[in-house]
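Engineer: Take a look at the following structure, please.
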Amino acid sequence: ALCVAAPPTTPSYQGPTTFLLYSQKNKISRLLMQPPEEGKQEEVPDILLPIKRARSIQSVSYDQVEDMIYWVDHARGEQPARQVIRRVRDTGLTDRLQMFDRQERFLPFDLAIEPFTWSLYWTCANTNTINVTRLGRELVPLGPIMLGGTMDRSRFIAIHPTRQMLYVSMAGEFSGEEGGARLEMIELGTSERIVLVNTSVGAISALVVDTEDGRQVYWADIIGSEN
């Protein structure tokens, strides 16, 4: 069961420092990974965050600088249907923050936040690009770092902040929109691209990098037998 948490009423509220965010269709929940610090009030281990405006969540990322949750929303049920990036504080309050509004030629697919440069990296399903947006009170589009094509259809991404490496799945001709036929690594400082895996990959449906170890990348494959 999930517990619904009301937004805090005091400005001194501070959320937990270590947790896992996960989505379920139009809900975002927070799972605590460690016991509370000494002297702090214990929180419910698994809590449903008071997030509004979510319709059909595809990807979630967290901004450690501003305690902000970002997600790609397919917005099914809205007329007309649209695929957008939205953001909200972990308290559920929007605080009149600027949103990513509808842009007809962009279909956001996946996203990842790099905290050191405070930048949002996101892939686009119809332009096959990897784009960068500088975060803050105002969102500043910086343009694409990779222009795609029929052989470079970027989809899922994961970022290693300290190594400044971006990991990306490239969709193959027959793998559909779910994932990729190969896995690449992009050095953010030089834009150098390195192919990590191009065999035994069916369709990647999730991607994550171990930022503690720094050398391990994990992915889910809904077609292939290895991951």
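Engineer: Just checking, which of Thr129, Thr123, Thr133 is of a type in the set (S, T, N, Q), under 11 Å from the mean Cα position of the chain (by Cα) and at pLDDT 90 or above?
Structural biologist: Details: Thr129 fails: under 11 Å from the mean Cα position of the chain (by Cα); Thr133 fails: under 11 Å from the mean Cα position of the chain (by Cα).
After ruling out the rest, the residue left standing is Thr123.
Engineer: Looking at (1) among the polar types (S, T, N, Q); (2) under 20 Å from Lys25 (Cα atoms); (3) modelled with pLDDT of 85 or more, which is the one condition that is false for Thr91?
Structural biologist: Result: Thr91 fails condition (3) only.
Engineer: Restricting to segment 136-158, and then to whatever is more than 12 Å from Val168 (Cβ to Cβ) and among the β-branched types (Val, Ile, Thr), can you tell me which residue is least open to solvent (accessible area, probe 1.4 Å)?
Structural biologist: Step by step, filter segment 136-158, then rank; the result is Val140.
Engineer: Scan segment 122-163 residue by residue and report those that are among the small types (Gly, Ala, Ser), in contact (Cβ under 8 Å) with a residue 24 or more places away in the chain and part of a strand (DSSP E or B). Give the steps one after another, and end with the answer.
Structural biologist: Our first condition is that a residue be among the small types (Gly, Ala, Ser); within segment 122-163, this holds for 125, 136, 143, 148-149, 154, 158.
After this cut, where a residue has to be in contact (Cβ under 8 Å) with a residue 24 or more places away in the chain as well, the list is 125, 154, 158.
Result: Ser154, Ala158.
The values are calculated or read from the model by the stated rules, or taken from the named source; none is laboratory data. This structure is a prediction, so every number in the text was calculated from the model and none was measured. Because the Cβ atoms are built from the backbone with ideal geometry, glycine has one as well, and the counts that use them run over all protein chains shown. Surface accessibility is based on the protein's heavy atoms, side chains included, excluding ligands, DNA and RNA. Shrake-Rupley method; radii C 1.70, N 1.55, O 1.52, S 1.80 Å.
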